[in-house]
Structure formats: C-alpha cells, structure tokens
Amino acid sequence: MTFQDLTFKKKIEHIWEYYKVPILGTILVIFILGSWIYNAKFKPHKELFSGVAMLNYKLPEEKGYVDPLYDALNSELGLTDTNYEVKVEYFYDDPNEPDMLSTMLEKFAAMLLVGDVNIMIMDKDSMEEYAYEDYLLNLALVYSLDDLEKMEEEGLVLSTSSELDPVKHYYAFSLKNSTMLKELPGFDLENSYIAIYGAEVNPYNPKQVVDLLIN
C-alpha cells in the first residue's frame, strides 16, 4: 500500500510518526521567532535608568515581593510613563532548593556583566567584602565630604582607609531610615546597606535612586 492509498487519518499518523522531530523543531522556531517579534515590535523593553540588586536575603514572603518598591521608585522618579525604568532584582536563598543560591549568583554575575546592575543592597559583612575588592564607587565622587562626615558621625555611612591609602573611601550608606524599604514585610533595615557599583561610568542616575532609598 502506497502513501496515496492511505486514509486521511492514516496519512496524518504516518507523517507524525516519521517527521514529528522536524515538525516540533519548526514549531519551536516559529514560536521563538514570533515571541521575539512581538516583544521587539509590540511590547518593547524599557531602557535601563538604573538597576538595583538586593543580595543575600531570605526567601521572599510572597510572589512579587519587590513589586511595590519597583512601582514606588519609578513613580518618584517620574519614569512610569516613559521608556526608562529602575529595575529591582531580589536574590535569595531557598533552603528547600539546594541549587537556588548558585542559580541566583549566576544570574547576578550575568547582570553585572551586561551592565544591568549599578546599585547593590546587602548586609554589612557582604558589603565590606565588595569594598575590600574595590568594586564599589567612592561616594565622595558624588556626595560632599561635609555630608559624608556628618553621616559617618551618625553611623549612617561605611568607610575604609589604610596605611598605603589614608584617604577615606566612603562606600555604602545605611538603610535603617529607609521609608520605602520599610514597606517590604520582614526586610532587615538595621543590617542593610546600599552602594553604587564601582564600574558605573555615570553614577548620577544611580545616585538619584540611592537618595530615595536612604531617606
């Protein structure tokens, strides 16, 4: 019996049996291409105004944990109806998922590599490690020394210096007075700090975000 002699149903079964791999591959390619065209033409991504990474925190209490912070930052900066946005990413560890931490760190490294992160929020110990590796911007480049010295007296800024380099390097602000972050359930304000990633060429967009978050 030739292919032409088969019933319509049998022809479909025959084609599926012998050609299902290329058919599925073609459908997948069409789907990916269609999604790309849709996102590019009809749902364009916004340009990055600034990117915030919140690191080394516990499992969020609910899905969309940082959505209110995203909305508040973009609203305050007047970006809601523009082609720019402040992105907020929350990196956490899940004790029930052994691979979660490594997955999160890989994502963070990739975002750093492509320039999607220029602000870091983390605990004091982690911040000190980044400062030691000289990854963080010296805040004296964008804030006055008078303001930084005053904040240091109040325990609101971290700094470092050494015998080889006695000039103070101010690298992170305390977030204990942050009104915006206070709205996140269970967020540890007392032990959280914020810094601008040192590779940032133009720190003035991140500075506007930092200013909102430290007050």
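The values are calculated or read from the model by the stated rules, or taken from the named source; none is laboratory data. This is a predicted model, so every value here is computed, not measured. For neighbour counting, all protein chains shown are included, and Cβ atoms are generated from backbone atoms with ideal geometry for every residue, glycine included. Each accessible area value is taken on the protein alone, full model and side chains, heavy atoms only, with ligands, DNA and RNA left out. Shrake-Rupley method; radii C 1.70, N 1.55, O 1.52, S 1.80 Å.
Could you look through the stretch 55-79, keep only residues that are polar (S, T, N, Q) and at pLDDT 90 or above, and pick out the one that is surrounded by the fewest Cβ atoms within 10 Å (Cβ to Cβ)? Out of the qualifying residues, it is 75.
Taking the stretch 136-158 as the range and being within 15 Å of residue 193 (Cα to Cα) and either touching a residue at least 24 places away in the same chain (Cβ under 8 Å) or buried (at least 17 other Cβ atoms within 10 Å of the Cβ) (or both) as the test, the residues that pass are 136, 137, 138, 139, 148, 151, 156, 157, 158.
Against the condition part of a helix (DSSP H, G or I), open to solvent by 70 Å² or more (accessible area, probe 1.4 Å) and under 27 Å from residue 158 (Cα atoms), how does residue 125 come out, does it pass? So residue 125 passes the test. Looking across the stretch 80-95, the residues that are surrounded by fewer than 18 Cβ atoms within 10 Å (Cβ to Cβ) and in contact with a Leu (Cβ under 8 Å, 6 or more places away or on another chain) come down to 84, 92, 93, 94, 95.
Among residues of the stretch 191-206 that are surrounded by fewer than 23 Cβ atoms within 10 Å (Cβ to Cβ) and in a loop (DSSP other than H, G, I, E, B), none has a Cβ under 6 angstrom from a residue that is of a type in the set (Gly, Ala, Ser) and modelled with pLDDT of 85 or more at a sequence gap of 6+ or on a separate chain.
Being at pLDDT 95 or above and not hydroxyl-bearing (Ser, Thr, Tyr) holds for only one residue in 189, 212, 181, and it is 212. Does residue 103 satisfy the condition of being assigned to a loop (DSSP other than H, G, I, E, B), open to solvent by 50 Å² or more (accessible area, probe 1.4 Å) and over 20 Å from residue 198 (Cα atoms)? For residue 103, the condition - assigned to a loop (DSSP other than H, G, I, E, B), open to solvent by 50 Å² or more (accessible area, probe 1.4 Å) and over 20 Å from residue 198 (Cα atoms) - is not met.
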